[in-house]
Every structure is written in C-alpha cells, then in structure tokens.
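The values are calculated or read from the model by the stated rules, or taken from the named source; none is laboratory data. Values in this document were obtained by computation on a predicted structure and should not be read as measured data. Cβ coordinates were reconstructed from backbone atoms using ideal geometry, including for glycine residues, and neighbour counts include every protein chain displayed. Please note that ligands, DNA and RNA were not included when accessible areas were found on the heavy atoms of the full protein model with its side chains. Shrake-Rupley method; radii C 1.70, N 1.55, O 1.52, S 1.80 Å.
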Amino acid sequence: MNEQKREENKQFSEAEVVTPKLEKKDLILSLAVILLCGCILSGAIPSAFVAFASAILFAYTVVAVRNIGAVVQLLLTAIIATVMTFLPIVGAGVLALMLGTGTLAWLFMTLPKYKWAPACILILSYGMGFLITSDPVTSLLAFAFLPAAALMAWAHARHIGRTNTVLHAVLGFVLVVLATLCAVLWRSYGSVNSDSLMRFINEIKDLFVTVGAEAGKLLWESFEAASTQSALPGESFEQLRENFNQIFNESTLRTVADTIVGMVPALIIAPALIISYLSNVVLLRKYYNTAWRSRMTPAACSLTIGPATGLIYFICFLITMFAKEQSVFLMAIYNMCLILLPGLCLTGVNVILQNARNSRGWMGKISLLFLVAAVCCMGLSSLYFVALWGAYATIAAALHQKIMQKMKDQNEK
C-alpha cells in the first residue's frame with residue numbers, strides 16, 4: 001500500500017510539473033472580459049456606451065484569438081446580427097456570448113483551484129445589471145453563457161471530440177432559452193403550462209400582424225408620395241397598389257407569422273450552433289496562445305460530420321425544392337434543413353478552400369471563384385448550395401474510405 005501510495009504521489013507531482021501555470025495577466029484579463037460580457041447581457045451597460053463596450057470586446061478578440069480567420073468569423077457574426085436586427089446591442093450581445101462562453105470554458109479548464117471564482121464575477125455583473133435596470137429577472141441574463149461554458153468544459157475534459165463538445169454547448173444555450181421562455185410566461189400569465197404557451201404564441205402572431213400592417217401603411221404612404229412626384233401612369237399605380245395590398249393584407253401576414261412560429265426550433269438551434277462553434281474556436285485559440293497547446297489534441301481540434309448528416313440534408317433539400325403545400329411534415333423538413341445548414345456549410349467552405357490550396361495552376365482556383373460568384377449573385381441562398389457541396393463531400397469521403405477498407409481486406413485474404 002505504501003509503495004502504491006508513493007507511486008501515485010510521484011505521478012501526481014510529475015503531472016504538476018508538466019501542467020503549465022496560469023499566468024496572472026491572462027487570468028485578470030479573462031475575468032475582466034467575463035465581467036464585461038455579463039454586464040452587456042444583464043443590461044448594466046447603458047445604450048450610450050454599447051459602442052465603447054463593443055470596441056473593448058473587439059480589442060480582446062484580436063488579443064486573445066490572434067488569428068485573422070477566426071477574428072473575421074467572430075466579428076462578421078456580430079456585424080451580421082447587428083445588420084439583421086438594426087440594433088447594436090444585439091451584435092454586442094452575440095459577441096459577448098461567444099467570447100464569454102469560450103473564455104469561461106478556458107478558465108474552467110485551466111484554473112488549478114477556485115473554479116468558482118468566475119461564477120462570482122457573473123454574480124457581480126448580475127448585481128450591476130440589477131442596479132441599472134431594477135429588474136431582478138432580466139438581469140439574470142448575465143448567466144446566459146454559464147451553462148454552455150460549463151458543458152463545453154465538461155465535454156472537452158472528457159475528450160469526446162470537437163463535434164460533441166460543440167453540441168454540449170448548444171444544449172447549454174437551449175436550456176437558457178427554455179428558462180427564459182418559462183420566466184416570460186410566469187411574468188406574463190402567472191403560470192407555466194401549455195395554455196399559457198399557446199396564449200403567448202397567439203399574442204406574438206397578433207403583434208406581428210399588427211406591426212406588419214402598420215409598417216405596410218407607412219411604406220405605402222411614402223411610396224404614394226414618391227409616385228405622385230414622379231408622375232407614375234395610372235394603370236401602373238393601380239397595379240402596384242393591388243400587389244402591395246396582397247402582400248400586406250391580414251391573411252398573408254398571418255401566414256408569414258405561422259411560418260415563422262413553425263420555424264422557431266431552427267431559428268433557435270441554428271444560431272446556437274454558430275455561437276457554440278465560434279465559442280469553441282475562442283477556447284482553442286486561448287489554449288494555443290497561453291502555453292496550453294497540450295490540450296489541443298487531434299480529437300479536440302477536428303470537426304467531423306458523419307455521412308448520415310449529409311444524406312439527411314440532401315433528402316431534405318430535395319423535398320423542399322419540389323414540395324409546395326404547407327404541412328406539419330414539410331415544416332419539420334424545413335427545420336431539419338436549417339439546423340444542418342451551418343455545419344455542412346462550414347464543411348463545404350473548408351473543402352473548397354482545401355481544393356484551392358492543394359490544386360496547382362488556375363484550375364485550382366475555379367471552385368473558389370465559383371464560391372465568391374455564388375455569394376455575390378445569390379446572397380444568403382448560396383449557403384444552401386454550399387451546404388449541399390459539404391454534404392456531397394462527407395458522403396463521398398465515407399464511400400471512399402469504405403471502398404479502400406474493402407480493397408484492403410480483400411488483399412489481406
């Protein structure tokens with residue numbers, strides 16, 4: 001027993017020597033950024049200072065990540081969120097989620113002890129948010145990235161692969177969304193059940209129809225004033241009026257509202273996938289830049305998507321191309337297609353870039369030129385075809401590996 005105990009102490013001391021020490025400057029900087037991210041999400045940052053807070057997060061992204069490709073991905077995601085919502089606070093919140101999740105997961109993995117210290121920082125950001133907003137429930141958003149960071153660190157510590165690590169973070173974000181929904185239902189109706197949920201959904205639909213109708217009226221008034229000054233012919237003006245009324249009438253707006261509500265699973269999971277993946281990028285870059293490269297194992301750095309995923313996306317894509325009548329089944333297919341889109345799109349882009357690097361001459365650049373042309377001409381619709389290329393690449397790679405394994409087995413016989 002004594003010899004066994006002595007051997008365990010020796011192994012423990014050797015592990016302590018091998019394990020790098022956490023630099024004080026990295027610890028202080030990471031804790032400060034977590035505090036800032038929590039303050040942005042809890043509402044402790046006034047709207048007048050959101051741009052300044054975003055600039056600080058931008059500087060931290062450059063310092064902590066130190067990779068132009070990863071920095072562009074993080075900042076571009078925040079910019080797209082701002083452009084789509086016309087709210088700078090949304091872009092700052094998305095950037096805070098990505099940086100907060102990756103940095104907090106890195107602290108969970110590298111702190112030798114006192115792993116509860118980052119949670120105390122989030123409690124401080126919650127308190128600051130409560131002082132500014134006087135809302136104890138909304139300020140709880142300071143903890144929005146805590147479940148995702150904890151699950152990401154838990155999965156990473158068990159070496160279950162990068163794909164599963166990202167999915168664990170997605171689970172954390174989904175749990176936060178569900179908790180937020182329960183809080184909204186409780187504050188609005190005093191109960192959390194199916195009846196209050198359906199009531200909430202119906203009210204959201206009615207609000208969408210009302211806002212859409214009012215927006216349509218304002219747009220038509222502006223267009224009518226502009227067409228009067230330009231002396232538009234009467235027949236063309238009436239045709240435009242008829243088309244405008246068809247777009248912004250109540251039945252059309254309610255159909256759009258029903259479609260949006262039906263796409264809620266994809267509208268939640270797809271952004272969560274993107275944010276989780278980029279948070280994992282922050283985690284890995286923190287390892288690389290802070291002497292913890294030993295944790296960057298091949299499994300932790302390799303994002304793998306199985307051929308079944310590509311096949312499911314291919315089938316869903318074909319169904320959406322030819323199906324016309326709206327149904328619950330078709331809505332489920334749309335959701336599945338959007339959920340699988342980010343991962344397969346990333347795979348497709350990686351395959352195109354790898355082909356461009358490995359091929360010689362101008363022929364190797366054709367696929368890259370096609371990608372740029374598709375994005376410029378088709379916009380966001382090009383993502384579906386890039387994901388289709390990624391699905392083809394995953395299926396082709398699996399078939400090639402199976403054929404090679406079968407030939408190897410035959411040669412051994």
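Observations on the structure shown:
- Å² of accessible area per residue within the chain, as computed with a 1.4 Å probe and no ligands counted: 60
- Length-normalised contact order for the chain - Cα pairs under 8 Å, 6+ apart - percent: 16
- Cα centroid separation - segment 374-413 against segment 319-333, whole Å: 25
- Relative to the longest principal axis of the Cα atoms of the chain, the long axis of helix 307-322 lies at roughly 0 degrees.
- The chain - percent of accessible surface contributed by carbon and sulfur, probe 1.4 Å: 69
- Relative packing of 136-147, 98-109, 192-203, 276-287, which averages over residues the other C-beta atoms within 10 Å, highest first: 98-109, 276-287, 136-147, 192-203
- Correct option for Cα extents along the principal axes in Å [calculated from the coordinates] among (1) 130, 57, 43; (2) 77, 55, 46; (3) 97, 69, 45: (3)
- Whole-Hz ³J(HN,Hα) from phi, Karplus 6.51 cos²θ - 1.76 cosθ + 1.60, for segment 258-263, glycine and proline x: 4, 5, 5, 5, x, 8
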